[in-house]
Amino acid sequence: MPFQTLRTWFERKPSVAPPPKDRSQLRVGIARVLNVWSTHQFWVAFLKELGISSENIVFSSDTSEEQGREFGKGRGTVDCCYPVKCISGHYGELVFGQKKKINILLSPMIHSLPSILHGHVVDTVTCTRVMAGPENIKAGFLKERDVFAENDIVYASPFVSLGDRHMVTEQLFTSLKDVFDLDLEETARAVQAGFQALDSFTTKARQRSRDILAWCAQNGKPCILVLARPYHMDPGIGHEIEGELQAHGYPILWLQYLPGDDDLVNWLFEEDVKTGRIKSPFDISDVWTSSYSSNTNEIMWGAKFATRCPWITCVIRLSSYECGMDQPTYTPSQKIVEATGTLYFKFGDLDSTKPGGGIKIRVETIVHYLSKYSEEIIQRKLGYLSPDCPLAVARRSDAAVST
Amino acid sequence: MAQLTTIGQLPLNQPPIHHYTAYRPRPFKREERDKVTILYGGLTWKHERLIQGTLHNMKYNAEPLPNIARDDLDAGKELIDVGACCPTIFTTGSLVNFLKKEVAASSKGEVANKYVFLTAGACGPCRFGQYHESYSMALDGLGLRDFRMFLLAQDELDQGPSGGGGLEINLPLSLGLIWGILFGDLLSDLEYLTRPYEINPGQTDQVLKASVEYLYRVFRERPDHGAKYGTLAWHLLTNYFTNALREVCKMWDAIEVDRLRVKARVKITGEFWLQTHEGDGNYNIKRWLEQEDAEVVPPPVAVWLHYLLHPTIRKLEHRHSTSKHPRLEQTLLQALERIYRWTYNRFRKALADLPNELPDQEELRELAEPFYHFELRGGEGHMLIGKALHAYHHKKAHMICELSPYSCMPNTMSIGSMANVIGKYPDLLYAPIEVKGDSEVHALSRCQMILTEAKRRAHEQFQEVLKKTGLTVEKIRKYEERHPETRRATHRVPHLGYSGTAANYVLHLAQDRGLARA
Ligand code: SF4
Ligand code: SF4
């Protein structure tokens, strides 16, 4: 058989014929995994702008062992970190577990990410497994036969550099034009709508974090920062460890949504910029020189923010089992945080099972330390900063904080 | 609001903060060059010796680190955060053990002044991109923070003087290093296609050593042609290097081989460091395969360099480019890619076209595309799948042995995707070998299983070609007696559609040398 013929047989092509132009009846399933956790606002707005109604955009559920057992069993192709391994269950749920069948399974290969550190770091790309996870997982649904095609589902996995906005329209148009019957202009509009939604959400979330910090500042209360990857927000990945702490009355901040307002970061990093240690408050080259990876960079910046910010008296580091990106960051992030006496606790090797009892005991220990040392930590850290704290007067009067 | 009143008032007993600071090497100054030795490593001893030729040519003192040994794994594990991939652990451990030995023989201060370490880096979120973070952690652990380590970006040939001017990464240095790497690859190809068939055991290794030493001198004596375009033009057009390779070819001519030994041809792929390495770091798997009756197709570093400069594949790397002439840049890059291939082929030709040609990157991309997108970064990216399919479709090997470091991020992804490839091509023999560094028996026995089938196929093909040509081993032996040149290592056996050397050899004698008609 000629080699060319073989090749055309296995060409990347949609599993079934492209759907009709009227998209009101199209149902799109999105795997709620990896960096979809920090970009889903983009995807929802993008699809809505294309005419897909909200009720026809479905996300797979939070990760769970049951999900993996019921829908992902036998589809794993390799052993790796749990945030990637669990994707089989999400795909399976979208394919087999929907009352109303989906037409398209969307699982983007996200190459780069929007980041507050953009322009201050070498790059903002994702972990190689975040990028390539979908290729790996899809193999489990195609290796014996095309499970997507059998279920009348088009599998769409666009490669997209969300951190490099000028590239996104072309990338999504090229990869999705046959899937959604797109033209270039409508793709551009949808991309714009996607970024607007994402930006607006991020701004609000950062403002919310600032409100929490302002409340802490005005009430002399401590809070906790979670240093983790966005998908540790998934209860099946991060095991809601932060929730257990919050239940003890400590407000929780996630590094992804730390406030980046000039007044605040200038106050926190004033000394560092003045002494030439860094060029700007978002510069992390003093602690991390290989600043390529977006999530890793932000973890480093979050650690720097936390060690300086008086009311963050404790940092919780979450990390998944066998995470190659986190591995070289353990010691630096701990040393950054502890430089000012800020408490640091790491929950490493997180896997599919919630280590229930272990977490409970550790949470109690953390709460004990927090209640014992927070006051002292706040005082000490305040001593290192100038008196002009921008959080002293809350910018918003409605800073109601529920703990 | 009590807290606010104390802002900025550092209590008297409050110690000043010492914020964590990443490792930064103190400068390596121009005037220190004579007293300082540059350490480097990460490739094979052949590549490293040739690189040393260039460094000596540029008047640097330079020394490769000793080859990786098993106890480097323990030394590395001891000093870096748990969970690192084995290439990181091995290379860190190797540096650690070297420094420990030196410190024991002199002092920390002396070692910190006497050596600097040069390592590849600056190429992405994984791979070497973070190696140096582990190295610096290890230096901390050794109390050698004063020791200097510099990164060599892989994608810039002219980085100028760095970190004090002691090391100047300019065009003559970069071209010398690249040429050294290409020559290391070419010699490796000769080595692996000869040794399994040598009549006198050990002769290949002897000739290889002599060739490396000869080429070391060629690099050391390389004439100076300025720092910019003059040197570029000279490197591309001179006969200095091709003549040297012809001399090498003559040395290999002396080796007598028996190509009727039926061997399974095993193509090595995998993570960059692990596939390139020859030693304990990958359980000496290449030598082991030869002992198990295989002919190894080694992975040239040249393919990785080709990937790095390929215009289609690297388009993504230029996404932040502020160039006013992007089209011109693209055209230049295209020209550069062609020149690169032309140069490699020129070198191959000087070696009687014995070394393997570089695969077409566009073809690798197309082959991999249904399974692994070519813009996915990290490790070897789509190339692992592309190379496996390339070898399969073009019958370049009976089996693929993919060396994958335990906990390697990109490798696990492409190995997973290979499940889809195998689903489509069930007769592709593929052995993904996870390398932890300390579980040799398990890894080699996995390889052994697939190798058994590969050997069976090699023998089957050999019988098939004998039948097809009507030749017998005795008949061929008689012919060889009359034509001893066919038993020379430099006698090229063209690829005639079989995966194995013996089968191609028989067909070659039958078709090209008219033996079937004789
Ligand atoms: S960052 Fe870590 S946990 Fe996330 S995908 Fe990469 S290796 Fe897995
Ligand atoms: S490619 Fe794999 S083994 Fe190599 S540095 Fe990256 S993670 Fe480690």
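The values are calculated or read from the model by the stated rules, or taken from the named source; none is laboratory data. The model shown is predicted, which means the values in this text are computed figures rather than measured ones. Because the Cβ atoms are built from the backbone with ideal geometry, glycine has one as well, and the counts that use them run over all protein chains shown. Protein only, heavy atoms only, side chains kept; ligands, DNA and RNA dropped before computing areas. Shrake-Rupley method; radii C 1.70, N 1.55, O 1.52, S 1.80 Å.
Please indicate, with yes or no, whether at least one residue in segment A:135-143 is among the polar types (S, T, N, Q), open to solvent by less than 10 Å² (accessible area, probe 1.4 Å) and either assigned to a helix (DSSP H, G or I) or within 16 Å of ligand 2 (Cβ to nearest atom) (or both).
Our first condition is that a residue be among the polar types (S, T, N, Q); within segment A:135-143, this holds for A:136.
Now drop any that are not open to solvent by less than 10 Å² (accessible area, probe 1.4 Å), which leaves A:136.
Still in the running and either assigned to a helix (DSSP H, G or I) or within 16 Å of ligand 2 (Cβ to nearest atom) (or both): A:136.
Yes, some residue in segment A:135-143 is among the polar types (S, T, N, Q), open to solvent by less than 10 Å² (accessible area, probe 1.4 Å) and either assigned to a helix (DSSP H, G or I) or within 16 Å of ligand 2 (Cβ to nearest atom) (or both).
Considering only residues that are surrounded by 14 or more Cβ atoms within 10 Å (Cβ to Cβ) and not charged (D, E, K, R), which ones fall in segment B:319-333? Steps first, please.
Restricting attention to segment B:319-333, the residues satisfying the condition of being surrounded by 14 or more Cβ atoms within 10 Å (Cβ to Cβ) are B:319, B:329-330, B:333.
Once the filter is applied, which keeps residues that are surrounded by 14 or more Cβ atoms within 10 Å (Cβ to Cβ) and not charged (D, E, K, R), segment B:319-333 yields B:GLN330, B:LEU333.
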Report, by residue number, each residue of segment B:426-450 that is touching a His at 6+ places or on another chain (Cβ under 9 Å) and open to solvent by less than 50 Å² (accessible area, probe 1.4 Å). B:LEU429
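Working only within segment B:253-271, note down all residues that are of a type outside the set (D, E, K, R) and surrounded by fewer than 24 Cβ atoms within 10 Å (Cβ to Cβ).
The initial filter retains those residues of segment B:253-271 that are of a type outside the set (D, E, K, R), namely B:254-255, B:257, B:260, B:262, B:264, B:266, B:268-270.
If the condition is that a residue be of a type outside the set (D, E, K, R) and surrounded by fewer than 24 Cβ atoms within 10 Å (Cβ to Cβ), then B:ALA254, B:ILE255, B:LEU260, B:VAL262, B:ILE268 are the ones that fit.
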Would a scan of segment A:280-296 turn up a residue that is over 23 Å from A:PRO355 (Cβ atoms), touching a Pro at 6+ places or on another chain (Cβ under 6 Å) and within 16 Å of ligand 1 (Cβ to nearest atom)? yes
Counted residues, segment A:26-68 - those being in contact with a helix residue (DSSP H, G or I) (Cβ under 9 Å, 6 or more places away or on another chain) and not in a loop (DSSP other than H, G, I, E, B): 26
Residue in segment B:54-82 that is nearest to ligand 1 (Cβ to nearest atom), counting only those that are within 14 Å of chain A (Cβ to nearest Cβ) and open to solvent by 40 Å² or more (accessible area, probe 1.4 Å): B:VAL82
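Looking only at residues that are aliphatic (A, V, I, L, M) and in a helix (DSSP H, G or I) in segment A:326-355, which one is farthest from ligand 2 (Cβ to nearest atom)? Give the derivation first.
Filtering segment A:326-355 for residues aliphatic (A, V, I, L, M) gives A:336-337, A:339, A:343, A:350.
Next cut, in a helix (DSSP H, G or I) only: A:336-337.
Details: A:ILE336: 23, A:VAL337: 25 Å.
Looking at the filtered set, the residue picked out is A:VAL337.
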So, of the residues in segment A:217-238 that are of a type in the set (Gly, Ala, Ser) and within 15 Å of A:ASN295 (Cβ to Cβ), which turns out to be nearest to ligand 2 (Cβ to nearest atom)? A:ALA228
At pLDDT below 95, under 22 Å from A:PHE269 (Cα atoms), within 14 Å of chain B (Cβ to nearest Cβ) and surrounded by 20 or more Cβ atoms within 10 Å (Cβ to Cβ), is that true of A:PRO332? yes
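Within segment A:217-235, count every residue that is open to solvent by less than 10 Å² (accessible area, probe 1.4 Å) and either within 28 Å of A:GLN67 (Cα to Cα) or within 16 Å of ligand 1 (Cβ to nearest atom) (or both). Don't jump to the end; show me each part of the working.
At the first step, the residues of segment A:217-235 found to be open to solvent by less than 10 Å² (accessible area, probe 1.4 Å) are A:217, A:223-230, A:232, A:234.
When the remaining residues are screened for being either within 28 Å of A:GLN67 (Cα to Cα) or within 16 Å of ligand 1 (Cβ to nearest atom) (or both), the result is A:226-230, A:232, A:234.
Summing the residues that are open to solvent by less than 10 Å² (accessible area, probe 1.4 Å) and either within 28 Å of A:GLN67 (Cα to Cα) or within 16 Å of ligand 1 (Cβ to nearest atom) (or both) in segment A:217-235 gives 7.
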Segment B:355-369 residues that are within 15 Å of B:LEU384 (Cβ to Cβ), paired with ones that are assigned to a loop (DSSP other than H, G, I, E, B) (beta carbon under 6 Å, 6 or more apart): B:GLN361/B:HIS310; B:ARG365/B:PHE374; B:ALA368/B:HIS382; B:GLU369/A:ARG12
The condition from (1) at pLDDT below 95; (2) more than 16 Å from ligand 1 (Cβ to nearest atom) that A:TYR321 misses is numbered (2)
Test result for A:GLY194, small (Gly, Ala, Ser), at pLDDT 95 or above and within 16 Å of ligand 1 (Cβ to nearest atom): no
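How many residues does segment A:202-238 hold that are part of a loop (DSSP other than H, G, I, E, B) and farther than 25 Å from A:ASN297 by Cβ? Write out each step before concluding.
To start, the set of residues in segment A:202-238 that are part of a loop (DSSP other than H, G, I, E, B) comprises A:220-222, A:228-229, A:234.
Now restrict to residues that are farther than 25 Å from A:ASN297 by Cβ: A:220-222.
Residues flagged as part of a loop (DSSP other than H, G, I, E, B) and farther than 25 Å from A:ASN297 by Cβ within segment A:202-238 amount to 3.
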A:GLU186 vs. criteria without any contact (Cβ under 8 Å) to a residue 60 or more places away in the chain, away from ligand 1 (no atom under 16 Å from the Cβ) and surrounded by fewer than 21 Cβ atoms within 10 Å (Cβ to Cβ): no
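Which residue is farthest from ligand 1 (Cβ to nearest atom), if the candidates are limited to segment A:335-346 and must be open to solvent by 10 Å² or more (accessible area, probe 1.4 Å) and more than 7 Å from chain B (Cβ to nearest Cβ)?
The initial filter retains those residues of segment A:335-346 that are open to solvent by 10 Å² or more (accessible area, probe 1.4 Å), namely A:335, A:338-339, A:341, A:343-346.
From the residues that got through so far, the ones that are more than 7 Å from chain B (Cβ to nearest Cβ) too are A:338, A:341, A:343-346.
Numbers: A:GLU338: 23, A:GLY341: 29, A:LEU343: 24, A:TYR344: 19, A:PHE345: 19, A:LYS346: 14 Å.
Restricting to residues being open to solvent by 10 Å² or more (accessible area, probe 1.4 Å) and more than 7 Å from chain B (Cβ to nearest Cβ), the top hit is A:GLY341.
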Within the set of pairs 6 or more residues apart or between chains, which connect a residue that is in a helix (DSSP H, G or I) inside segment A:73-86 to a residue that is open to solvent by 40 Å² or more (accessible area, probe 1.4 Å) and away from ligand 2 (no atom under 16 Å from the Cβ) with Cβ atoms less than 8 Å apart? A:TYR82/A:ASP351; A:LYS85/A:GLY76
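Look through segment A:308-329, keep the residues that are open to solvent by 10 Å² or more (accessible area, probe 1.4 Å) and within 8 Å of chain B (Cβ to nearest Cβ), and return whichever of them is nearest to A:GLY220 (Cα to Cα). Explain how you work it out, then say what you get.
Initial filter on segment A:308-329 (open to solvent by 10 Å² or more (accessible area, probe 1.4 Å)): A:308, A:321-324, A:327.
Narrowing further to those that are within 8 Å of chain B (Cβ to nearest Cβ): A:322-324, A:327.
Numbers: A:GLU322: 38, A:CYS323: 36, A:GLY324: 38, A:GLN327: 35 Å.
In this case the residue turns out to be A:GLN327.
Looking at A:GLU244, A:GLU298 in this structure, which one is open to solvent by 10 Å² or more (accessible area, probe 1.4 Å), assigned by TED's automatic domain parsing to the domain that holds A:ILE366, in a helix (DSSP H, G or I) and at pLDDT below 95? Steps first, answer last, please.
Working: A:GLU298 fails: at pLDDT below 95.
Exactly one residue qualifies, and that residue is A:GLU244.
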Given the condition within 14 Å of chain B (Cβ to nearest Cβ) and either within 12 Å of ligand 1 (Cβ to nearest atom) or free of Cβ contacts under 8 Å to residues at least 12 places away in the same chain (or both), answer yes or no: does some residue in segment A:87-108 qualify? yes
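Right, A:THR313: in contact (Cβ under 8 Å) with a residue 12 or more places away in the chain, polar (S, T, N, Q) and part of a strand (DSSP E or B) or not? Outline the logic, then answer.
Numbers: in contact (Cβ under 8 Å) with a residue 12 or more places away in the chain: yes; polar (S, T, N, Q): yes; part of a strand (DSSP E or B): yes.
Yes, satisfied.
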Would you be able to tell me the number of residues in segment B:359-374 that are away from ligand 2 (no atom under 16 Å from the Cβ) and crowded, with 19+ Cβ neighbours inside 10 Å? 10
Could you grab me the full set of residues in segment A:286-295 that are part of a loop (DSSP other than H, G, I, E, B) and modelled with pLDDT under 95? A:TRP288, A:THR289, A:SER290, A:SER291, A:TYR292
